[in-house]
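Have a look at the structure below, then the notes.
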Amino acid sequence: MNTSTAAPKTTTSATRPIRRPGDRIFAGAAAGAGVLILVILAGVAVFLLVQAYPALVAAPEELPTPSAGGEGFVAYVWPLLFGTLLSATLALLVATPLAVCVALFISHYAPRKLSQGLGYLVDLLAAVPSIIFGLWGLAVLAPLTVPPTRWLEDNLGFIPLFAGPASAIGRTMLVAALVLAVMILPIVTAVAREVFLQTPLLHQEAALALGATRWEMVQLAVLPFGRSGIISGAMLGLGRALGETMAITIVLSVSGGVTFNLISDGNPATIAANIALEFPESTGLDVNTLIATGLVLFAVTLIVNLLARYVINRRRDFSGAN
Amino acid sequence: MTTTAPRSAERAVDTPLTTVPRVGGVLPRWGTWAVLAAAAALVGGLLALVGFSISLFILATALLFGVAVYLWSRVIEGRRRAKDRLVTITVTGAFLLALAPLVSVVVTVLLKGLERFDPMFFTYSMSGILGPGGGAYHAIMGTLIITGLAAVMSIPIGLLAAIYLVEYGRGRLARAITFFVDVMTGIPSIVAGLFAVALFALFVGPGARLGIMGAIALSVLMVPVVVRATEEMLKIVPNELREASYALGVSKWRTIVKVVLPTAVAGIAAGITLAIARVIGETAPLLITVGLTTAVNLNPFAGRMATLPVFSYYSYASPGIPREAFVDRAWTAALVLIIIVLGLNLIARLIARVFAPKTR
């Protein structure tokens, strides 16, 4: 916490600290920068609201209607929101177990000398720009999924998720979710790893001393301690997946509509991808509509991120006792 | 760390307790490797009969390996140790699986990007070029200018805000800033772009596309990263240094500028480099704020500019004829981008390591 500079300030009685002009200017500039951040964020919310307002109050038939057929803003944004939530949730389902394993490997299984370097390798994954993941997903991952999705359609077609018809080029929701999973993996891993590394050594040694195998030690000491870290990491990853744009824009073949079918060419777009696809050619009220969908996205990610922060902070209070 | 007890010592402890029935011994040290080799050979042989596929080979080998080790260990060492071995294999496998995309991405971009990685790519723009040839000079310059502008705007703000939080911040304002910096970290990049659009729609008029808009959108993304990185670094500056400086009668701001910041400068520089690396590859906000041109435009205050990520996106998503020329340029742009980003990451690590304070 910020107790660092409390010492030299004696605000009591006779020895009042001398406030030099330099001090005042510098402190003012620092506080000003802090306030500026608040202003910027308020600006983001206000300007988006102002620009979204015309779309929110417009008559339904004035709105762009590729999928909703003139039924107003809610009907326009709902399939997009559905696509956003579906792709992000799928990505999370794939990435979280994998991330927990990777974090465990780095924190408890890898040779001690290697673990930092390995962690750095996983962090590099987070540094790759999303456009490159998009190109990679389309050029490498999508063709790879074509034979398995055919098989899924033939053998598990009775499950709505795999109803098909299977895409011949692989631009499916499944591939989009997998690319998203790769992109959020390093984020979830980083948070989980930090928490796993903080597991009290005494707990671990106690478990081992009682004869636990390494996995039992992890089960008894590390995972219970790290549970909130896993949850908050997953939430942060979800926030990132919800807002991810380019990878989805490139990979997903979009036709609008709400469907759980993961392996066909007709998929719901996501809010972010829809903005990236439509914005360059939009004018007038269409722009306002897109900004309004952006506002919805902002609100959703905000809620998810706040939940994640809440979990992290609650844990911080809890672990302060240790 | 004492994660594994040496097997031999464990047995030595066990031996006197012969009255307690204990299931068998321990797998030999080479056991797991032998199983892995056997599994690979078996799967390879079987697949050779029906048609080889590398992904299927790896998948089947991993599965067979896990099952075989589990069963063998279960027979010899008992259920608990078998499970432990299975988890070790799973966790290691998960790590390798996580690295696979990274390797695949780098290899793919290298292979496809080297096609057009020639001097022409770095010296020509796309002005007047319809088919093959041309380059991304305009996009590279655009990316550097816009990212540079974003850095110029966000580094001072981020630095000062972090200094405020660590050195001055008390009470509600500091808590509010900490909270909202967290919120800002989570802003989707496309929303940052929309913010710039909304801002300039009010002041310049709708439909504006300017380099500066992109720079503003990028700074919204960059500021919280700079604040976080700087804050972390300032917090680990030992308090004794500040107190020693105060004891010599040095004023607070000079203490910060002359003592605190120099101590933390390596970490801060590394953090800022990473922040730049994060925004330099952003596509979505630039796509909607800056657009794309074919000619060189070095003025961020007038008209559309080209940037590497957007150039790459449009070359791939809406190619001209012949398609290959455009796709090749897209991959080369991606390669240049990945070189820049990974290079910045490497530089950041080097800065952090080489210039780290010697006090710790």
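Below is a table of values for the structure above.
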| quantity | calculated |
| --- | --- |
| Length-normalised contact order for the range B:87-191 - Cα pairs under 8 Å, 6+ apart - percent | 12 percent |
| Taking B:SER312, A:SER228, B:SER127 and counting other C-beta atoms within 10 Å, the order from fewest to most | B:SER127, A:SER228, B:SER312 |
| Shape parameters for the range B:164-288, alpha-carbon atoms, Rg then Dmax in Å | 18.1, 58 |
| Gyration tensor verdict on the range B:229-360 (Cα atoms; rounded if a/c is under 1.5, prolate if a/b is larger than b/c, oblate otherwise) | prolate |
| Cα-only radius of gyration and Dmax that characterise the range A:183-262, units Å | 18.6, 59 |
| Relative contact order of chain B, defined on C-alpha pairs under 8 angstrom at six or more residues apart (%) | 20 percent |
| Whole-Å distance, taken between Cα centres, linking the range A:107-149 and the range A:219-241 | 20 Å |
| Tally of Lys pairs whose C-alpha atoms are under 22 Å apart, taken over chain B, 8 or more apart or cross-chain | 4 |
| Amide H contacts under 5 Å for B:GLY281, placed H, 5+ residues apart | none |
| Dmax and Rg, reported as Rg then Dmax, of chain A (C-alpha, Å) | 24.7, 86 |
| Fewest-first ranking of A:ILE159, A:ILE187, B:ILE129, using other Cβ atoms within 10 Å as the exposure measure | A:ILE159, B:ILE129, A:ILE187 |
| For the range B:146-238: Kirkwood Rh in Å [reciprocal of mean 1/r, alpha carbons] | 14.1 Å |
| Anisotropy class of the range B:52-107 from Cα gyration tensor, a/c 1.5 cut | oblate |
| Hz values of 3J(HN,Hα) by residue in the range A:80-90 - Karplus curve (6.51, -1.76, 1.60), Gly and Pro given as x | 5, 4, 4, x, 4, 5, 4, 5, 5, 5, 4 |
| Reciprocal of mean inverse Cα separation for chain B (Kirkwood radius, Å) | 25.3 Å |
| Longest to shortest principal axis, alpha-carbon extents of the range B:88-141, angstrom | 58, 20, 17 |
| Over the protein assembly as shown: Rg over Rh, Cα atoms, Kirkwood Rh | 1.00 |
| Which of B:SER318, B:SER154, A:SER130, A:SER264 has the fewest Cβ neighbours within 10 Å, and the rest in rising order | B:SER318, A:SER264, A:SER130, B:SER154 |
| Relative contact order of chain A, pairs being alpha-carbon contacts under 8 Å that are 6 or more residues apart, as % | 26 percent |
| Spatial separation of Cα centroids for the range B:325-346 and the range A:286-303, in angstrom | 31 Å |
| Under the span-like rule (Cα at least 30 Å along the axis, Kyte-Doolittle mean at least -0.5), DSSP H helices of chain B | B:54-77, B:79-113, B:137-163, B:211-235, B:323-354 |
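Read-outs: derived from the displayed coordinates by stated rules, not from any lab. Note that the structure is a prediction, hence the values are computed from the model and not measured. Backbone-built Cβ (ideal geometry, glycine too); neighbour counts: all protein chains shown.
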